[in-house]
Every structure is written in structure tokens, then in C-alpha cells.
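Chemist: Sharing a structure below in C-alpha cells format, with a few things to ask.
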Amino acid sequence: MSEFTRLLSEAKVLVEVVHRGDVTRRDAERQFRLLLRDFRVAAGAPTVKSVALKIKQYRVGRAPESFGDSEATVERAFDVNRAGLPRWKLVEAVLIGAFEVPGNGVVGPVKEAWSAVAGCPTSSTTSASPPVRRENAAVPRACGVCGALVLDWSLHRRWHGPRGELHPLEAEAV
């Protein structure tokens, strides 16, 4: 499974979680920015400067208006502690123009996740009861270390492993 395909499934999980009302808007925005950051890692972790340059090159002939392709704007798009969402035009340019993500199969679900998060109510609407677990379906849980929604804890443990960072609840299961 390619890394982009795995991230696609994370985008779909984010849409489901938002639609169920299991997260606050602030948490959903954070999860979207983490997803965008994971796309950056999957693309080889390019520098902010190279991302901004590729966006400018991608934009030539496509969008006459500037939608914020400065290094500062790009850097803010990846800041998981920042409130709000980056504009969709910027996200699309980052994915297609800078990360060369296949536009046909990947960008659509990411836009769906962006739209779901953008439409999430700003007040706290988390469920009082835990989500209903479907038979044989994984329910994502947030990692206490990095905040990512995790379905595959064995994969996530390997990601944290070299850094020595494990979620306290997961450390017992290792």
C-alpha cells in the first residue's frame, strides 16, 4: 500500500469522525493539519521554501489570483497548533503542485475531509457516549504523544519507536 493510499484512508476516517460528532472543531482542524503534515512526510519532507516555490510554479497559468504562496503562509498551513484551516486552494496546490499527489484519486477525499472539518460546528459537540463499534471495524483513537488519529497501532508504534515515544496506554501493549 502506498503511503498516499494510507493517508487517503486517514482522510476518510476523519470525515466519519467529524460526521459522527466525535471531535470538536478545534480537534478536527488539528487532525486535518496533521494529515497535511503526513502528506509532506510521504512526499519526502520537502522544505517550506521548496514547497512555496513549487506552488508558484504550479499556479502559473492556472490561478491568476495569489492565494498565499509565501513561505510564511505555507509554514502556517502545517502548524498543527494553529486554529482554523488553511484555504482549500492552498491545500490543493500543496498536494498537487508541491507533493505531486495524484489529483484524481487522492485530492477528492482530502477535499471531503477539509469540507467536513470546515462545516464542523465551533461549539463543543462531542458525543456524551462513546461511538458505537461496528463488528470488525477499527475505531480510531488519538495518540497521546503526537495527537494523530490511529487505526493501526502496530504501524504507529513503529513510527514512534525510533524516537522512544509511545502513548502511555500503548506502551503496555508493546
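The values are calculated or read from the model by the stated rules, or taken from the named source; none is laboratory data. Everything numeric here is computed off the predicted structure, so don't read it as measured data. Neighbour counts are summed over all protein chains in view; Cβ atoms, including those assigned to glycine, are modelled from backbone coordinates with ideal geometry. Accessible surface is based on the protein model in full, side chains and every heavy atom, while ligands, DNA and RNA are left aside. Shrake-Rupley method; radii C 1.70, N 1.55, O 1.52, S 1.80 Å.
Chemist: Would you point out which residue out of Pro46, Pro86 is surrounded by 12 or more Cβ atoms within 10 Å (Cβ to Cβ), modelled with pLDDT of 90 or more and over 15 Å from the mean Cα position of the chain (by Cα)?
Modeler: On the way: Pro86 fails: over 15 Å from the mean Cα position of the chain (by Cα).
Answer to the check: Pro46.
Chemist: Here is a list of conditions, (1) surrounded by 14 or more Cβ atoms within 10 Å (Cβ to Cβ); (2) over 23 Å from Val150 (Cα atoms); (3) modelled with pLDDT of 85 or more, and Gly68 meets all of them except one; can you say which number that is?
Modeler: It is condition (3) that Gly68 fails.
Chemist: Follow-up question, since we're still on this one. Does Glu10 count as crowded, with 21+ Cβ neighbours inside 10 Å and part of a helix (DSSP H, G or I)?
Modeler: Numbers: crowded, with 21+ Cβ neighbours inside 10 Å: yes; part of a helix (DSSP H, G or I): yes.
Yes.
Chemist: Moving on. I need the full set of residues from the range 17-43 which are surrounded by fewer than 16 Cβ atoms within 10 Å (Cβ to Cβ), part of a helix (DSSP H, G or I) and touching a Pro at 6+ places or on another chain (Cβ under 9 Å), in order please.
Modeler: Arg20
Chemist: Let me ask you something else. Within the set of pairs 6 or more residues apart or between chains, which connect a residue that is in contact (Cβ under 8 Å) with a residue 12 or more places away in the chain and among the β-branched types (Val, Ile, Thr) inside the range 30-49 to a residue that is open to solvent by less than 10 Å² (accessible area, probe 1.4 Å) and part of a helix (DSSP H, G or I) with Cβ atoms less than 9 Å apart?
Modeler: Val48/Val74
Chemist: In this structure, does Gly119 turn out to be at pLDDT 70 or above and more than 19 Å from Leu7 (Cα to Cα)? Show your work before the answer.
Modeler: Numbers: at pLDDT 70 or above: yes; more than 19 Å from Leu7 (Cα to Cα): yes.
Judged against the criteria, Gly119 is a match.
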